[in-house]
Amino acid sequence: MESLSAVILGMQGTSLTQEEIDFFKSVKPYGYILFTRNTESPEQVKKLIGQLRDISGRERLPVLIDQEGGRVARLKPPHWRKYPPAMMFAQLAKDDMQTAREAVYLNACLIAQELHELGITVDCAPLADLPVEGSHDVIGDRAFGHDARQVIELAQAQADGLMHGGIVPVLKHIPGHGRAFCDSHHELPVVDVSLEELRRTDFVPFKALAHLPMAMTAHVLYTAIDKDRMATVSPAAIRMIRDEIGFDGLLMSDDLSMKAMQGDFTQRTKDVLAAGCDVVLHCNGNMAEMRAIADGIEPLTGKAEQRAYAAMQTAVTPRPFDVAQAQATLKHLLPQAA
């Protein structure tokens, strides 16, 4: 089996440069991630993913995207559908959980159908974060509500819809980003509540969804777990994710280029892997940063390699699916989203 690097990387534009091709061939990343800057049209995206497949030579290549719906959707109209934010389903669930579950499931099936058609194999969803009063709106309407039971049911419905459409879901942001009072894209959130409180609230949805194949860490420092290091680079936090929350799938870091992280990119990479994450994620396609990451990266081996391959085995052949019927049903269940 070919040795891969424990990293998922982004790229600059709508097609690969020769420098990127040479770099990716040399580094052999586990997978890639696409953003809006990489998505001009369906034909172009398919061609770009074809380039990535040619470089990797792998059938089950992890090609990731953030397509949650609402404000976090890298594929946008006019070429792709507009999807409602999670909070719209959360509001429906207050009155009718069964209808909300069905709506979330159909919405996820529609997302999966578009992704699968393009060759994208992994969606960075669902969120299982529980926002608290006054927390930063970096999560906000991306959450399935404020009640753990409701979040579990709706997040599971989204994961089911994605998986039934042949897409691997990524649970995020483990062990919980809902208490953050700042945006980890720009600074480090510090959560200063007891472990008992975290166990009673934030951890609950992640524990219930720990069977999902992939998860992404939260760039959040929980003082009750580790006073000095945020979860992504904290061995204590990663142990808690594995042993207490019970997640044994592929664990990736959130983006290494976020401002919550410290140190140069080589050091960030080493810190994430030393803490116990299986792979590091870097999104912006900056070649200088990626070269620094390559200096700190390790081959994907042992349990991390097993999890990495097992996660992609869950990308099944999509179930038969009537797109027009699903859209009509969803419009009936959630008319405010039309």
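Every read-out reported here was derived from the displayed coordinates using simple, explicitly stated rules and does not represent laboratory data. Note that the coordinates shown come from a computational prediction; the quantities given were computed from them, not determined experimentally. Note that each Cβ is placed from the backbone with ideal geometry, even for glycine, and that neighbours are counted across all protein chains shown.
Quick look at the values:
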quantity: Sorted peptide list for 230-239, 124-133, criterion being average Cβ within 10 angstrom, highest first; calculated: 124-133, 230-239
quantity: Euclidean distance of C-alpha centroids, the range 62-134 and the range 141-217, integer Å; calculated: 14
quantity: Residue among Leu256, Leu330, Gly70 farthest towards the positive dipole end of the chain, charges placed on Cβ; calculated: Leu330
quantity: Cα-derived Rg over Rh, computed across the range 159-259 with Rh taken as Kirkwood radius; calculated: 0.97
quantity: Cα centroid separation, the range 241-297 to the range 13-48 (Å); calculated: 20
quantity: Under the Karplus curve 6.51 cos²θ - 1.76 cosθ + 1.60, θ = phi - 60°, whole-Hz ³J(HN,Hα) for the range 68-85, x wherever Gly or Pro sits; calculated: 7, x, x, 7, 9, 8, 7, 9, 10, x, x, 7, 10, 5, 8, 10, x, x
quantity: Note, ³J(HN,Hα) from phi for the range 286-297, Karplus 6.51, -1.76, 1.60, rounded to Hz, x at Gly and Pro; calculated: 6, 5, 4, 5, 5, 5, 5, 4, 4, 6, x, 7
quantity: Long-range amide H partners of Val7 with built H, under 5 Å; calculated: Tyr30, Gly31, Val280
quantity: FRET E, pair Ala224, Thr14, Förster distance 35 Å, beta-carbon r, rounded to 0.05; calculated: 0.20
quantity: DSSP-defined antiparallel bridges as percent of all bridges, the chain, nearest 5; calculated: 10
quantity: For Asp295, net neighbour charge (Lys/Arg +1, Asp/Glu -1) across residues whose Cβ lies under 14 Å away; calculated: -1
quantity: Rounded if a/c under 1.5, otherwise prolate or oblate - the range 1-57, Cα gyration tensor axes; calculated: prolate
quantity: The chain - percent relative contact order, Cα under 8 Å, separation 6 or more; calculated: 19
quantity: Reported label for calculated Rg and Dmax of the Cα atoms in Å given [x] 21.3, 81; [y] 38.4, 111; [z] 18.8, 54; calculated: [z]
quantity: Whole-Hz couplings from phi, Karplus 6.51/-1.76/1.60, listed for the range 242-252; x for Gly and Pro; calculated: 6, 8, 8, 6, x, 7, 10, x, 6, 10, 10
quantity: Kirkwood Rh (inverse of mean 1/r, distinct Cα pairs), the range 222-338, angstrom; calculated: 16.9
